[in-house]
Amino acid sequence: MSVDEKTVRRIAHLARIAVTDAEVPHLQGELNAILSFVEQLNEVDVEGVEPMTSVTPMIMKKREDGVTDGGYADKIVQNAPATEDNFFLVPKVIE
Amino acid sequence: MAGTCPAMTLKQRSSPVTELTHLTIAEARDGLKAKSFSASELAKAHIAAIEKARALNAYVLETPEKALAMAKASDDRIAKGEGGALEGIPLGIKDLFCTDGTTTTAGSKILGNFHPPYESTVTRNLWNDGAVMLGKLNLDEFAMGSSNETSAFGPVVSPWRREGSNVGAGTSGAIEGNHLVPGGSSGGSAAAVAAHLCLGATATDTGGSIRQPAAFTGTVGIKPTYGRVSRWGTVAFASSLDQAGPIARTVRDAAIMLRSMAGPDAKDTTCADLPVPDFEAAISRGVKGLKIGIPKEYRVDGMSPEIEQLWHQGAEWLRAAGAEVVEVSLPHTKYALPAYYIVAPAEASSNLARYDGVRYGLRENGKDIVDLYEKTRAAGFGREVKRRIMIGTYVLSAGYYDAYYVRAQKLRTLIKRDFEEVYAQGVHAILTPATPSAAFGIGEKGSGDPVEMYLNDIFTVTVNMAGLPGIAVPAGLDSQGLPLGLQLIGRAFDEETLFATAQAIEDAAGRIKLPQAWWA
């Protein structure tokens, strides 16, 4: 499995990382090096094997569905680049 | 250490500053209790040593005022006869742990000037036990790397040098010559412990990031069982692989630190509700009656003969100490590294989606929201991080998810099963090399092919993939005078046996002689 330039740009867009034209060939080479390294996993017969979903077998912890935290919006927004009235400000989202 | 005039005893020593920084945690703990010195003196000695060692770039942030305030509070508690398990002990904190009110960078530009308004559970546990924070330690960006060369704040210089090397302190304060890497991602932590810039350090391990740098620097590092330590407040790389653990100069010190770091946490649902054993008590158990496995698949092509020899030596030491040593098989070993380089980047692509310039950190302006995201992330992430996010995005994308991610997760089940079957045969721990080589020079690996750097983790990733505990312990020096470590892999939640076995190795190998300060 290898990726072409079009795929590299598509992946970059999915990952929301801007890539310049100049960067694409190099990235393509690096990604293909990694992809060819992982090819060997196809050698293994995984028929009937369950994917690992829980590293350490445990029952998921649950708690009462109640409010136990919060009430400090100012702390939550204090690191933001742009805020107003405890909202995070961003450029236009919807046309 | 207790004397009638402890202050006079201290002044009689030729260089009291050096003395205090060369203690172990256990010795410092005893010295503080005996009032041979104060926590404030201990902190001051370390602050001075750190100032002289800036060229190593182990600390990204020094917090001397905080350290002195915490040390004073420790002295007040000690005077009252109170005090926790780590009272007054000065530690360095890998800059992946969120520390309340103190910048946390994850070794990246993208977090900007982020000051967490909360404390990670691990560091909260340490402060509750009285430890003192000296500063935040350098790391590979977002814990992705094996040499501390990907940090946005520059590489860390290992305090170790090859015999006859040209590395030395330059006149301008920088280090001259082709210095060595301390390993990664916890390079700052390992370098600081080895260079006597803290008594111990916190670190994290996703594919080997505690054990590999510990092995490269002649220190002890343990990655506990997945779920032994809370991940709350620790910047996430790969959530099913990450575990925090200590790096220290002795097995006893690592056991002391882990006991404080570990424990149940309601805020982390993957953290097990198990009481924390007294790890320090376990180190003197010995290995009589234990069965140690030597996995044949860890004998890889091109393995350094010195490392192979040390591995045999380790087995002999354990035999001499009363353990039974047997050959075992872990058939899917070779697939752990490629499977890891699917699972870890996939989880990272998800975890790092939050760095979008909206709620914290760096923001690059964009004409609309997508443009803001793309420009911010392009500017804020380094090359290795971008590479891993993109691989992760690809293997999770429609059409490829089954072929890559699901298949890699199935390999994980097989890798874990290999270990379970060996343990079911009565094996208590598995002995392997920690790394395929000693520490290499900066720039020597990975510039052409990223996979070359990934091969550093070949002996360590299996342990994260299976969720088991693993410890690296110094076992000797190579022909160039560089440390080599051995790794022990244990049963789930049986860190006690790992500590006991590692202690047997430390007893046989002897305490490694750490480098004297050549960098000042």
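Structure above, values below:
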item: Nonlocal amide H pairs with A:Thr83, under 5 Å, H built at 1.01 Å; result: A:Leu89
item: Calculated from backbone phi, Karplus (6.51, -1.76, 1.60) coupling profile of the stretch B:109-123 in Hz, x at Gly/Pro; result: 7, 6, 7, x, 9, 4, 10, x, x, 8, 10, 5, 4, 4, 6
item: Estimated FRET transfer efficiency when R0 is 35 angstrom, pair A:Val49-A:Tyr72 (beta carbons, to 0.05); result: 0.15
item: Sites A:Gln40 and B:Asp368 - FRET efficiency at Förster radius 25 Å, r taken between beta-carbons, to 0.05; result: 0.05
item: Proximal lysines relative to A:Lys62, as straight alpha-carbon distance under 19 Å, when same-chain residues fewer than 8 apart are discounted; result: B:Lys267
item: Euclidean distance of C-alpha centroids, the stretch B:119-196 and the stretch B:429-492, integer Å; result: 17 Å
item: Residue with peak Gaussian network fluctuation, chain A [Cα springs, cutoff 10 Å], from A:Ala18, A:Ala33, A:Ala80; result: A:Ala80
item: Residue mean of other protein chain beta carbons inside 10 Å, A:41-53; result: 6
item: Partners for B:Lys66 among lysines (Cα-Cα distance below 20 Å; same-chain residues under 8 apart left out); result: B:Lys44, B:Lys52, B:Lys94, B:Lys136
item: DSSP loop trypsin sites (Lys or Arg not before Pro) with at most 16 other Cβ within 10 Å: longest gap in chain A; result: A:1-60
item: Helix-only [θ]222 nm of the protein assembly as shown, DSSP H runs n ≥ 4, -39500 (n - 2.57) each, per residue, nearest 500; result: -11000 deg cm²/dmol
item: Proximal charge balance of B:Pro64 [Cβ under 10 Å; K/R count +1, D/E count -1]; result: -1
item: Charge sum, other residues only, whose C-beta stays under 10 Å from B:Trp127's C-beta, Lys/Arg counted +1 and Asp/Glu -1; result: -2
item: Shielding by partners, peptide B:405-415 (average Cβ within 10 angstrom, other chains); result: 5
item: Protection proxy ranking, peptides B:294-301, B:132-139, B:187-194, average beta carbon neighbours within 10 Å, highest first; result: B:187-194, B:132-139, B:294-301
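Here, each number is a calculation from the coordinates, and none is a lab measurement. Since the structure is predicted, the reported quantities are computational estimates derived from the model, not experimental observations. Reconstructed Cβ throughout: ideal geometry from the backbone, glycine too, with neighbour counts over all protein chains shown.
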